[in-house]
Amino acid sequence: MSKTKDYNIKKAGRGFHLEEKLQKDNKIQGAVESFDLSLDALETDLKIALSAHRSPHMTLDEQIELDSYLVYLTTTLYWMYLKLQGSDVSKVKL
């Protein structure tokens, strides 16, 4: 089980569990749970998009739409990573 010192969050399996002193803080607990659910949704979308990307039956327009979506998805994941690192995302050019 790994521990992130900055956020006092332990990661176990697929979910996040807060340190004992933060478990009583509903705002933090809700934010972590929301983040975990958002990450799961992005992972599901990414799997679907990547399997569709391999389809030889897509038109050029469909391929362009899918590629644009994959860029959006990747940018979103990168933004989430930067936020977790404490970066000021307003100063990052994507």
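Computed values, structure above
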read-out	value
Filtered residues of segment 44-58 (kept if out of contact with any Phe, Trp or Tyr (no Cβ under 9 Å at 6 or more places or on another chain), surrounded by 13 or more Cβ atoms within 10 Å (Cβ to Cβ) and at pLDDT 85 or above)	46, 52, 58
Which listed residue is surrounded by 12 or more Cβ atoms within 10 Å (Cβ to Cβ) and either at pLDDT 85 or above or more than 15 Å from the chain's Cα centre (by Cα) (or both), from 61, 40	40
Residues (assigned to a loop (DSSP other than H, G, I, E, B), loosely packed, with under 12 Cβ neighbours inside 10 Å and free of Cβ contacts under 8 Å to residues at least 60 places away in the same chain) located in segment 64-94	85, 88, 92, 93, 94
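The values are calculated or read from the model by the stated rules, or taken from the named source; none is laboratory data. In this text the structure is predicted, and so the values were computed from the model without any measurement. Because the Cβ atoms are built from the backbone with ideal geometry, glycine has one as well, and the counts that use them run over all protein chains shown.
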